[in-house]
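The values are calculated or read from the model by the stated rules, or taken from the named source; none is laboratory data. Quick caveat, the model's predicted, so the values are computed rather than measured. Neighbour counts run over all protein chains shown; Cβ positions are idealised from the backbone, glycine included. The accessibility values were calculated without ligands, DNA or RNA, using every heavy atom of the protein model including side chains. Shrake-Rupley method; radii C 1.70, N 1.55, O 1.52, S 1.80 Å.
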Amino acid sequence: MKKNNILSGFLALIAFTALFSCEKDEIKAIATTGPVPVLSVNNSVLALSSEHSAKEAVVLSWTPVDYGFASVVRYTIQFDKKGSNFQKPVEIDAGNSLKRALTTSEINGLMINKLKLVAGQKADIEARVVSSLGADAKRMDAISETKNLSVTPYFVVIVYPAIYVPGSHQGWAPEKAPRLVSVKDDKTFEGYVYFPEESTEFKFTNAPNWNEGDYGSGGPGKLGTTGNLVQKGSGYYLLKVDLNKSTWSSLKTAWGVLGSATKGGWDKDQDLAFDPKDGVWKTELALTAGEIKFRANDDWTLAFGDGNADGIPDTLDNGNIRIEAAGTYQITLNLSNAGNYSYSVTKK
């Protein structure tokens with residue numbers, strides 16, 4: 001009796017498998033793609049601003065793709081730099097929807113963090129939508145024609161723990177004072193401050209007011225609770241403070257660029273000029289295709305490249321800045337926003 005049950009079950013399994021295989025073959029036979037999706041974009045020029053981060057920036061919509069039978073179709077939006085042929089696109093899964101709205105913050109994050117665009121610089125982007133029946137049916141994917149977009153992303157400011165530098169250089173107003181920040185949140189702070197006078201007196205405060213504690217001189221390189229700190233000599237200074245040890249230091253800096261794209265190569269810096277009004281270092285230079293780096297005081301102690309090509313100066317090993325084509329470039333380096341340094345290299 002048991003043998004008959006086992007045999008009956010086995011025959012039923014074979015019949016079910018055959019039926020299922022036939023159904024799969026039938027789906028394969030009738031799955032066909034009609035017209036590709038037609039993509040529409042309601043705004044092709046995106047000058048993004050942090051002031052409108054929560055507002056809708058762009059809406060992408062597309063026509064459905066009919067595969068000839070009732071099926072779940074998934075759509076994926078792809079972005080890439082113009083001319084990159086979607087080799088490594090940024091993708092957004094839109095599910096089975098026929099429309100996707102992106103806020104200013106969302107599209108800015110994609111452009112800065114994924115496509116590695118430079119903040120403040122306009123870039124030409126291509127967008128398209130891909131319809132799919134799933135990973136096992138790639139041959140059935142239908143791809144829309146591309147749409148061109150012009151995108152200017154903005155720089156995202158990261159808020160770090162900070163102390164403030166009020167003094168004679170800015171009217172002793174802590175609410176308007178330059179900041180030093182602690183990127184690691186370990187009570188060690190640093191930042192750049194411009195002192196225009198030959199002798200500057202200042203303090204450090206825990207907040208942008210005089211009510212939550214301040215630090216004056218406790219002797220050379222030491223912090224105390226009385227008197228003012230003094231810096232001799234005008235210039236652009238890197239200030240460092242360690243509240244764990246109650247110490248501080250300053251280093252006067254002058255910045256330049258060098259590299260294979262400059263006329264001086266890697267041997268001679270091309271000087272940048274500091275603009276007190278805008279708080280940036282800048283110059284205009286003729287460059288060739290190659291690489292550059294920023295550095296201070298004609299020395300490698302302080303140097304910035306861009307190792308991950310995200311438009312943010314960093315100290316990553318071998319992190320140079322690529323110059324793709326020869327031409328005249330406007331170069332700026334902004335170190336005045338502590339912890340959120342930025343640069344631009346713009347061809348004229």
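Out of all the residues in region 255-268, is one or more modelled with pLDDT of 95 or more, assigned to a strand (DSSP E or B) and open to solvent by 30 Å² or more (accessible area, probe 1.4 Å)?
For region 255-268, residues modelled with pLDDT of 95 or more, assigned to a strand (DSSP E or B) and open to solvent by 30 Å² or more (accessible area, probe 1.4 Å): absent.
Residues in region 174-193: is at least one among the hydrophobic types (A, V, I, L, M, F, W, C), more than 15 Å from ALA338 (Cβ to Cβ) and over 26 Å from the mean Cα position of the chain (by Cα)?
Within region 174-193, not a single residue is among the hydrophobic types (A, V, I, L, M, F, W, C), more than 15 Å from ALA338 (Cβ to Cβ) and over 26 Å from the mean Cα position of the chain (by Cα).
With modelled with pLDDT of 95 or more and surrounded by 15 or more Cβ atoms within 10 Å (Cβ to Cβ) as the only criterion, which of VAL73, VAL58, VAL65 stands out?
Details: VAL73 fails: modelled with pLDDT of 95 or more; VAL65 fails: modelled with pLDDT of 95 or more.
From the options VAL73, VAL58, VAL65, the qualifying one is VAL58.
Would you mind stating whether TYR192 is of a type in the set (Ser, Thr, Tyr), under 30 Å from ASP310 (Cα atoms) and open to solvent by less than 30 Å² (accessible area, probe 1.4 Å)?
yes
Run down GLU91, GLU106, GLU145 and say which single residue is open to solvent by 70 Å² or more (accessible area, probe 1.4 Å), among the charged types (D, E, K, R) and farther than 29 Å from HIS52 by Cα.
Step by step, each of GLU91, GLU106, GLU145 is checked, and only GLU145 is open to solvent by 70 Å² or more (accessible area, probe 1.4 Å), among the charged types (D, E, K, R) and farther than 29 Å from HIS52 by Cα.
When region 226-254 is examined, which residues are found to be within 14 Å of LEU335 (Cβ to Cβ) and part of a loop (DSSP other than H, G, I, E, B)?
Selection gives ALA254 alone.
Give me the residue from region 269-282 that is in a strand (DSSP E or B) and in contact with a Gly (Cβ under 8 Å, 6 or more places away or on another chain) and, out of that set, surrounded by the fewest Cβ atoms within 10 Å (Cβ to Cβ).
Here the answer is ASP271.
Restrict the check to region 176-183 and report whether at least one residue is in contact with a helix residue (DSSP H, G or I) (Cβ under 7 Å, 6 or more places away or on another chain) and surrounded by 17 or more Cβ atoms within 10 Å (Cβ to Cβ).
No, region 176-183 contains no residue that is in contact with a helix residue (DSSP H, G or I) (Cβ under 7 Å, 6 or more places away or on another chain) and surrounded by 17 or more Cβ atoms within 10 Å (Cβ to Cβ).
Can you find a residue in region 28-41 that is part of a helix (DSSP H, G or I), open to solvent by 60 Å² or more (accessible area, probe 1.4 Å), more than 23 Å from LEU149 (Cβ to Cβ) and modelled with pLDDT under 50?
yes
From the set of residues in region 328-339 that are of a type outside the set (Ser, Thr, Tyr) and open to solvent by 20 Å² or more (accessible area, probe 1.4 Å), which is farthest from ALA162 (Cα to Cα)?
Top of the filtered list is GLN330.
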